[in-house]
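The values are calculated or read from the model by the stated rules, or taken from the named source; none is laboratory data. Since we're looking at a predicted model, the values are computed, not measured. Ideal geometry is used to build each Cβ from the backbone, glycine not excepted, and the neighbour counts take in all protein chains shown. Remember, those area values only see protein heavy atoms, side chains included, never the ligands or the DNA or RNA. Shrake-Rupley method; radii C 1.70, N 1.55, O 1.52, S 1.80 Å.
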Amino acid sequence: MTKKLKKMLYKIIAATVFFIAALLPLPEQICLACFALSYLIVGLPIIKKAVLNIKNGDVFDENFLMMVATFGAFAIAEYPEAVAVMLFFQIGEFFQSYAVNRSRKSISALMNIRPDFARTEQDGQWVEVSPDEVPSGSLLEIRSGERVPLDGVVTAGESSLDMSSLTGESLPRLVVKGDEILSGAINLGGILHIRTTGVYAESTVSKILNLVENASAQKARVENFITKFARFYTPVVVIVAVLLAFLPPLLIGAPLNVWLYRAITFLVISCPCALVISIPLSFFGGIGAASKCGILIKGSNYLEILAQAEIVVFDKTGTLTKGCFVVSNVLPEKISAAELLETAAHLEAYSSHPIAVSIRKAYGQEPDLQRLSEIKDCFGKGITGKFDNNEIILGNAKMMREAGIKIPEVPTCGTVVYVARNGIYIGCLLIEDEIKADAANAVRQLKKVGVIQTVMLTGDRENTAQKVSETLGLDCCFAELLPADKVQKFEELFLRKTAGGKVLFVGDGINDAPVLARSDIGIAMGGIGSDAAIEAADVVIMTDEPSKIAKAVEISKRTLHLVYENIVFILAVKFVVLGLGAAGMASIWAAVFADVGVSVIAILNAMRALRFYK
């Protein structure tokens, strides 16, 4: 519990003690003093807010209504009722703050992904410091296996970086002197020295944190409606209360005290705080629940739109596929498949490249390093070296052509790794990007939550796209598309939706940014995603699982159900008690229930949204 919440709780407890003391059979002056102390403890902050809002031109809010109603109750000597209104109003505020705090904590816990340290140069030595303490323009050292702590430019060294958490791209990126690199990438090779181009507050992780913190600013339509409703509703209620207090005494000579009491009751009942608090809280709870699932939603408006998802369009690489390679076939030439795989696995013994890892995994044994010598990594092309005293070249077609080795044309929808021994081609390995384990389930779950059509857009070859589409059970796919083609194809799909339906696009890289921005809801996949994709997307899937898209739609629908449930419940109770209060059949205690009691119930109901991640 935060300090602010603890302070609120202590005030409520102290006010309650004085309130109970005032109800005991004590001398009248002591009871009045206890009522006054109890009222001031919980009521003074509300009165201050009301006065400040009046100065700023925002007169008719819940603080103003509470102040007027309690002043009126004191004026007609209804001290217990006056204190009770403020006390229970503060209890409602406490529950609201507690619920919001829980949502914020769930989001903050998810976002604890920044690097633990940065190794910076100080007085000629490398010292580990917090990334927050590194000024722009500092020199950093990143060793093998470490995460890049801040954005920067390489000043020395060359290596491969695992960019999957940033761009969703499965293949490591070769970086050399002069290249820009982003924080969050993992160094897979040698030592890199970089010069930072910004501070941690400007890093990719920090940007995402800001997106989450600003999510509450993007309001859903129902929230905007409630806000507008309260602006018109509250002044009307105040006017009706004034008329209710003074018209009957003036017209028919009814007792002023009786009708003033009814007017105060009417004011307390009519306070719209239950709606104003519980509706945004429901959306915020839904956003918090989504964050626990690794789903970052930028605002309540996007959470609301997700419930209307009708067509979901996927990019392929990094979205439906892992970007994690497997050896799908071994094609030897004049040697056995086992010997070819053994040779390739040994040459890749020192490499941390995903393709190298997939080859060693297919070999299934630990390479014998004593059989190796003169290993040289040719970045971006392959590896050369000696295995059992034989000159081995392992790499792509470009490397083979440069070595003057003839290779056959290999039809495949994946990556081909060629192997030559002593200048003679001896076979190749076919490497394919593996489909994500839950991708097929994601498509099934989307159908269950009401999505009508699932589509895939990709720049890959037709045979690759068709194979993935059929495996996953997608409704259709479009292949060999350039980024501009994706936008055009998406526009065609956009016209297929019904009047109330929405189109979602799920992508992972910078090339997806135009389509992400064009969609009703853009969803960025692949951990942190690229900067451009994060900026353009409305939802970010942090866990890189396609099935979380269906979970986001489900959370959206359940959150909206809670919202409408609260609206119906609140208005029903208020209108009933309002009628009873105007007729003199409801006391201020009933009004307190209709206002604060209903608020607490609605808030507790809204807090159920936090459990949607289970």
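Any residue in region 291-298 that is open to solvent by less than 20 Å² (accessible area, probe 1.4 Å), β-branched (Val, Ile, Thr), modelled with pLDDT of 75 or more and within 25 Å of MET607 (Cβ to Cβ)? Yes, region 291-298 contains at least one residue that is open to solvent by less than 20 Å² (accessible area, probe 1.4 Å), β-branched (Val, Ile, Thr), modelled with pLDDT of 75 or more and within 25 Å of MET607 (Cβ to Cβ). Among the residues making up region 26-69, those that are part of a helix (DSSP H, G or I), over 23 Å from ALA274 (Cα atoms), open to solvent by 70 Å² or more (accessible area, probe 1.4 Å) and not aliphatic (A, V, I, L, M) are GLU28, GLN29, LYS55. When the residues of region 141-168 are filtered to those that are touching a Gly at 6+ places or on another chain (Cβ under 7 Å) and modelled with pLDDT under 75, the one that is most open to solvent (accessible area, probe 1.4 Å) is SER164. Looking only at residues in region 525-545 that are modelled with pLDDT under 70 and open to solvent by less than 20 Å² (accessible area, probe 1.4 Å), the one that is nearest to ILE297 (Cα to Cα) is ILE534.
To keep it simple, each residue is scored yes or no on (1) farther than 22 Å from ASN257 by Cα; (2) in contact with a Phe, Trp or Tyr (Cβ under 6 Å, 6 or more places away or on another chain); (3) of a type outside the set (D, E, K, R).
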position: ILE555; (1), (2), (3): yes, yes, yes
position: LEU560; (1), (2), (3): yes, no, yes
position: ASN566; (1), (2), (3): yes, no, yes
position: ILE570; (1), (2), (3): yes, no, yes
position: PHE575; (1), (2), (3): yes, no, yes
position: TRP589; (1), (2), (3): no, no, yes
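On the basis of being open to solvent by 20 Å² or more (accessible area, probe 1.4 Å) and aliphatic (A, V, I, L, M), does VAL312 make the cut? Criteria not met by VAL312.
Candidates VAL276, VAL268, VAL326: the one that is open to solvent by 10 Å² or more (accessible area, probe 1.4 Å), of a type outside the set (Phe, Trp, Tyr) and within 30 Å of ALA586 (Cβ to Cβ) is VAL276. In the condition set (1) outside any helix (DSSP H, G or I); (2) at pLDDT 65 or above, LEU171 is compliant with all but (2). In summary, helices (runs of 4 or more DSSP H) completely within region 315-410 and bearing 1 or more residues that are in contact with a helix residue (DSSP H, G or I) (Cβ under 8 Å, 6 or more places away or on another chain) occur at 337-347, 354-363. Based on what the data block shows, is VAL238 closer than 20 Å to LEU275 by Cα, open to solvent by 20 Å² or more (accessible area, probe 1.4 Å), modelled with pLDDT under 80 and not polar (S, T, N, Q)? When the stated conditions are applied, VAL238 passes them.
For region 430-470, a residue qualifies if it is in a loop (DSSP other than H, G, I, E, B), within 30 Å of ASN396 (Cα to Cα) and either among the aromatic types (Phe, Trp, Tyr) or open to solvent by less than 30 Å² (accessible area, probe 1.4 Å) (or both), and the qualifying residues are LYS436, THR458.
Taken together, the criteria place VAL506 among residues that are in contact with an Asp or Glu (Cβ under 7 Å, 6 or more places away or on another chain) and either under 28 Å from ALA307 (Cβ atoms) or open to solvent by 50 Å² or more (accessible area, probe 1.4 Å) (or both). From the list LYS316, LYS292, LYS298, the one residue that fits, being within 30 Å of GLN466 (Cα to Cα) and of a type in the set (D, E, K, R), is LYS316.
Restricting attention to region 448-476, the residues being within 24 Å of VAL553 (Cα to Cα) and in contact (Cβ under 8 Å) with a residue 60 or more places away in the chain number 14. Candidates are the residues of region 112-131 that are over 17 Å from ARG143 (Cβ atoms) and within 28 Å of the chain's Cα centre (by Cα); the one that is modelled with the highest pLDDT is SER130.
Taken over region 262-289, the criterion of being modelled with pLDDT under 80 and either more than 43 Å from the chain's Cα centre (by Cα) or over 30 Å from VAL553 (Cβ atoms) (or both) is satisfied by ILE264, THR265, PHE266, LEU267, VAL268, ILE269, SER270, CYS271, PRO272, CYS273.
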